[in-house]
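Chemist: Below you will find the structure I want to go over with you.
The values are calculated or read from the model by the stated rules, or taken from the named source; none is laboratory data. Quantities reported herein were computed from a predicted structural model and do not represent experimental measurements. Cβ placement follows ideal geometry from the backbone for every residue including glycine, while neighbour counts extend to all protein chains displayed. Areas reflect the complete protein model, heavy atoms only, side chains present, ligands, DNA and RNA absent. Shrake-Rupley method; radii C 1.70, N 1.55, O 1.52, S 1.80 Å.
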Amino acid sequence: MSAEMKSVLQYFIRYEDYSRFLDASLSSVDGDHLPESALGNLKAIANMLNQKQKRALVQKLESYPDIKKASKELRGKWEPWIDRLLSRDMDVEEFIAQLPFRYPDNRDNGKEYIEQLLSQEEFTICYPLFIKDLHNAKKQRIVKPVITFTCILTDDALQVVSFVMNRTSLEILLAQAYQCPVEDVRMIAAETYQQLCTKIDSIASPQLPHIIELIDQCLREGVPDWRHASLLDVKKHRGWLMTRRLFVTKEMWDEVKESIFRTEIERLMARHSASPSMLLNQYVFGNKNAVDYSSEPIRTDYHLGSYTADYPINFKQWRIMQSAPHCSTCSEWPPWYRQDDVDQGNYRRFHGQESSFVDTGLG
């Protein structure tokens, strides 16, 4: 593979990484930040989850027009009723009966929502967190979990049902160990990255501290330049700051999936290294033997105006049509587009059919 081709493909991989970092942030998730000490104070977590359930239930009730019109006196009784409902001292049927539903559909929908809310015992803890402030016009803050734990609260313990090591955060940790840009670590330490993903994904434990200890063991054994006793000791790397705080939410936080686009580019790089493709080179870099139409002398024997039955194409397009049988790849804007349609990303109808366009610089 030529150095030029490799540079182009690596650019798209880095761009995809940057897009993932921007698109997936806890800043857009409804949840609460708690200090690390909350891991030893289950009552603080339980109270926070209880308050979130109460707010969600009140918000849902106020979405029904018939309930929203309830008197202040009746609305004042909601809070003790909701407390009894969440503590299981009042069943759902009794709670629904206390509310002034006028429409059966609203009553059924409200009952279904409450039953679903009460059955949702699992919640998400993101810990620790990576934070990065972007120095752009919007002054965005990206917050990423290092590990995402799906948990339940038992009578005397916090139990982990499952966990995910966030892939983008793992890249930051590896980049810190290899002292390289985060965008490049997957190319510099590809084998190490894949082995760590496999080992960490095989970890199983119901205890959050034990899971972190096992991940630390994987990092010590798998990363030659790992200098930390624990991943929790990492401070910062290239603008990413680790904070040992918790982000707790009832929303299901989905791990940032591997980009299909990135995976395809990596596969393309591997195949191109083994078997170079002239077609790919032409697609990426264009036809270096293309005719420079700007150097063509101005002629008067072909049409310059609107497309009509008498002049369906102009001279330049006729040249392209003649060269088409000898091309391995060719695309062209259709003759019925207008530039303002291109600028606005629109499609135009021609003879009752939709047509899209691709700009390859041939038109």
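Chemist: Out of everything in the stretch 82-106 that is of a type in the set (Lys, Arg) and modelled with pLDDT under 90, what residue ends up being nearest to ASP32 (Cα to Cα)?
Modeler: Filtering the stretch 82-106 for residues of a type in the set (Lys, Arg) gives 84, 88, 102.
From what is left, the residues that are modelled with pLDDT under 90 are 88, 102.
On the way: ARG88: 24, ARG102: 35 Å.
Ranking the qualifying residues of the stretch 82-106, first place goes to ARG88.
Chemist: Right, something else. If I ask for residues that are over 35 Å from the mean Cα position of the chain (by Cα), within 30 Å of VAL248 (Cα to Cα) and not hydrophobic (A, V, I, L, M, F, W, C), which ones from the stretch 51-79 would you list?
Modeler: Hits for the stretch 51-79 are LYS68, ARG75, GLY76, LYS77, GLU79.
Chemist: Is it true that some residue in the stretch 97-105 is closer than 18 Å to ALA56 by Cβ, in contact (Cβ under 8 Å) with a residue 12 or more places away in the chain and either part of a helix (DSSP H, G or I) or among the small types (Gly, Ala, Ser) (or both)? Can you show your working first?
Modeler: Filtering the stretch 97-105 for residues closer than 18 Å to ALA56 by Cβ gives 99.
Applying the additional criterion that residues be in contact (Cβ under 8 Å) with a residue 12 or more places away in the chain yields 99.
This time we only want the ones that are either part of a helix (DSSP H, G or I) or among the small types (Gly, Ala, Ser) (or both), so: none.
So far as the stretch 97-105 goes, no, none of its residues is closer than 18 Å to ALA56 by Cβ, in contact (Cβ under 8 Å) with a residue 12 or more places away in the chain and either part of a helix (DSSP H, G or I) or among the small types (Gly, Ala, Ser) (or both).
Chemist: Return yes when GLU258 is open to solvent by less than 80 Å² (accessible area, probe 1.4 Å) and either modelled with pLDDT under 90 or of a type in the set (Phe, Trp, Tyr) (or both) and no when it is not. Please lay out each step first, then the result.
Modeler: On the way: open to solvent by less than 80 Å² (accessible area, probe 1.4 Å): yes; either modelled with pLDDT under 90 or of a type in the set (Phe, Trp, Tyr) (or both): yes.
The answer is yes for GLU258.
Chemist: Collect the residues in the stretch 53-79 that are part of a helix (DSSP H, G or I) and in contact with a Lys or Arg (Cβ under 6 Å, 6 or more places away or on another chain), keeping them in residue-number order. Don't jump to the end; show me each part of the working.
Modeler: Step one: filter the stretch 53-79 for residues part of a helix (DSSP H, G or I), giving 53-61, 65-68, 72-75, 78-79.
If the condition is that a residue be part of a helix (DSSP H, G or I) and in contact with a Lys or Arg (Cβ under 6 Å, 6 or more places away or on another chain), then ASP66 is the only one that fits.
Chemist: Which members of the stretch 80-96 meet the condition of being assigned to a helix (DSSP H, G or I) and over 37 Å from the mean Cα position of the chain (by Cα)? Show your work before the answer.
Modeler: Within the stretch 80-96, the first condition is being assigned to a helix (DSSP H, G or I), and the residues that meet it are 80-86, 92-96.
Result: PRO80, TRP81, ARG84, GLU93, GLU94, PHE95, ILE96.
Chemist: Of everything in the stretch 75-96, what is exposed (fewer than 11 other Cβ atoms within 10 Å of the Cβ) and over 13 Å from VAL58 (Cα atoms)? Give them in sequence order.
Modeler: Residues satisfying the conditions are SER87, ARG88, ASP89, GLU93.
Chemist: Taking the stretch 97-106 only, how many residues are under 37 Å from the mean Cα position of the chain (by Cα) and open to solvent by less than 80 Å² (accessible area, probe 1.4 Å)? Before you say what the answer is, go through the steps one by one.
Modeler: Step one: filter the stretch 97-106 for residues under 37 Å from the mean Cα position of the chain (by Cα), giving 105-106.
Among the residues that remain, those that are also open to solvent by less than 80 Å² (accessible area, probe 1.4 Å) are: 106.
Counting residues in the stretch 97-106 that are under 37 Å from the mean Cα position of the chain (by Cα) and open to solvent by less than 80 Å² (accessible area, probe 1.4 Å) gives 1.
Chemist: Residue check, ARG88 against (1) over 30 Å from ALA190 (Cα atoms); (2) in contact (Cβ under 8 Å) with a residue 60 or more places away in the chain, all met but one. Which one?
Modeler: In the conditions (1) over 30 Å from ALA190 (Cα atoms); (2) in contact (Cβ under 8 Å) with a residue 60 or more places away in the chain, ARG88 misses (2) alone.
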